[in-house]
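Heads up, the thing below is written out as C-alpha cells.
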C-alpha cells in the first residue's frame, strides 16, 4: 500500500464520487476480488444507506496498510505507476476515502498475522486504529451513508429500486467470476449465492435459475487479431443462453474485458450479430462473456467510474467475439419445446353494438397460415392475422386498464419463474403497477418469482417473457407512454402467430372484431394490419383492360 505520486494522480480520470449505494457495493466487491478472495459475502439493509457490509477471505492488510488505505490516492494496485499495464479492477486509490467522505466506515482486516486491525472513520473524518480479532481477510462496514449529503440522499430512488441496482451489479460479478463464491443478503434474507465452482453454468443456476442453466451452452475460443503493426491474442470464454431464453432489455448481455465488467456497445452488438437470425427482432440474449486481451490493447482509464473501456482496433476485436459466439451456437442443440397459449376464444366473441369498418368484407381464403384474404368493394384485402389479433387484444387491455384495471385470472398451480436478482427486486419495487396490469406475483427465494395470477384478457402465458418484458419496461420509468408500450407488449405475446390455423368461422370472426376496433388498420406497434389491392392493379399485372372481364 502506497501513496500515488502527483504525476500519476493527474493522469487518472478523476472524479470518484459516490452517488448511490450501488457504487459503494461495487467498490468494495472490486477491492475484495483484487485481494484474491475466494468468498465474498455482501449484506445490505434497506436501500443501503443504513448499512452495507462486505466480508471477504482475501489476503488482507497489515496495520500500516489499513491506516493508509482510507487516505485518498493510496493503492497497492499500481506498483510501477504505469496505467497502460493495469490488470486490477481498482487502481485510482480513491474508493475507501470517497466512501468515508459520505459515510461512517469501519475497516477490519488481517493479512494472516496473530491479530487483526480495525480502522474507524467517523463523521468528522478522523480515523482511529486499534487491534481487532479477525482471521485473514477484510470486512468493511458502511453505515449512515450520505448523512452529511442530504441533497444526495433525497435524490435516491425508492428503496426497492436502489436495492435492485445493487443486486444487478452483484449478479454481474457473480456471473463473470464463477470461481468466486459470492452471496448477497438483503434485510436478513438470502437473495442468491454462487458456489464458486468455476463453472459458468453453476453461477447461472444460482443467479437465474434452472431455465437459463439448462437452456445454455458454454464457449471457450482463442483467436489472434491485428492491432496496428502488432498481433494480439484474444480469448473469449463464457456462457450463452439459447435463443429460446431471451430478454426484453440488453442488460443481460454481461461482458467483462480483462476481468472488468464494462459497457462496450461494439462488443454487445458483436454478440447479437453472433446470434444472427436466431433472435427475434425485439429480443436480446442472456450471455456472460469474459474477453481477455493484452493490457496494451485496453485503456482502462477513460471513465471516472470505470464503467467502460476503450479498445484499440475495437472492430477487429468485435469480429473475433462475433465469430466465437456464432461458432458456439452452430454446434449447440437449439431445439425449442414450449406450449403456446392463445386467448383466441375471447378475441372472437361476437361483435355486439359496435359497427365494423370491415363488415362488408367477405372472407375468401388464406395464404401461408398467416394472411387472411377478403373481398370488399372491388378490392382484395390481405390481413395479417397476428397484427390483427394484437390490435384486438391491445384495445381490450386498454379499455380494462382505463376502467378498473386489467382483471386477473388465477393460475392453479401458480407458475414459478426464474429471474435475475434485479428483476426479482423490481417485482417488489413495482408491485402496485404490476397489480394494475393484472399480475399477482411475489419473490419466492433463490432467484425465483411465484406468479399466482396473470392478466385475464390474455389467458395463461406459458413462458416468462410477458412478466419479464413488463418488468423491463417498468424499470425504465412508469409514464402514460410507457403504459401503452406495456399494454402493446402484453397484447403481443399471446396473439396468433404464423402457422396458427383458423377455420373459416374463426377467420370471419377475427375480421369482424378487427373492424370494430378504434384503430383497426395498425397494430399497437405501428405495423399495418390490412393491405388493399384494387382490381385495376391486378388487371395491369395481367395486362387485362380494367373494364373487361
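Rule-based calculations on the coordinates, nothing more; no lab input. All values reported here derive from a predicted model rather than from experimental measurement. Quick reminder, even Gly has a Cβ in these numbers, built from the backbone with ideal geometry, and neighbours come from all protein chains shown.
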Task: Förster-model FRET efficiency, 51 Å R0, residue 316 and residue 500, C-beta, rounded to 0.05 - done: 0.70
TODO: Give me the number: length gained by fully extending residue 402 to residue 64, i.e. 0.36 nm times residue separation minus the C-alpha to C-alpha distance, one decimal in nm.
DONE: 115.2 nm
Task: Percentage of interatomic Cα-Cα distances in the range 400-448 larger than 13 Å - done: 60
TODO: Grab the beta carbon distance between residue 292 and residue 263, set R0 = 25 Å, and tell me the FRET efficiency rounded to 0.05.
DONE: 0.90
TODO: Report the dimensions of the range 127-243 along its three principal axes from the alpha-carbon atoms, largest first, rounded to Å.
DONE: 50, 42, 37
Open item on the list: Between residue 431 and residue 224, what is the label-point separation in nm under the 7 Å Cα-to-beta-carbon projection?
Closed with: 5.9
Task: For the range 104-177: rounded, prolate or oblate by the Cα gyration tensor [a/c cutoff 1.5] - done: oblate
TODO: Using only the Cα atoms of the range 486-527, build the gyration tensor, take square roots of its eigenvalues as a ≥ b ≥ c, and label the shape rounded, prolate or oblate: rounded if a/c is under 1.5, else prolate if a/b is larger than b/c, else oblate.
DONE: oblate
- [ ] Treat the range 212-330 as a sphere of radius equal to its Kirkwood radius over Cα pairs and apply Stokes-Einstein at 4 °C in a medium of 1.567 mPa s; give the translational diffusion coefficient in µm²/s, rounded to a whole number.
- [x] 90
Open item on the list: For the pair residue 442/residue 279, report the inter-label distance in nm, with labels modelled 7 Å from Cα in the Cβ direction.
Closed with: 3.6
TODO: May I ask you to derive the FRET efficiency for residue 484 and residue 128 from their Cβ-Cβ distance with R0 = 51 Å, giving the value to the nearest 0.05?
DONE: 0.35
Open item on the list: Counting other beta carbons within 10 Å of each residue's own, what order do 379, 226 fall into, fewest first?
Closed with: 226, 379
Open item on the list: Can you give me the distance in nm between label points at residue 114 and residue 19, each placed 7 Å from the Cα along the Cα-to-Cβ direction?
Closed with: 4.9
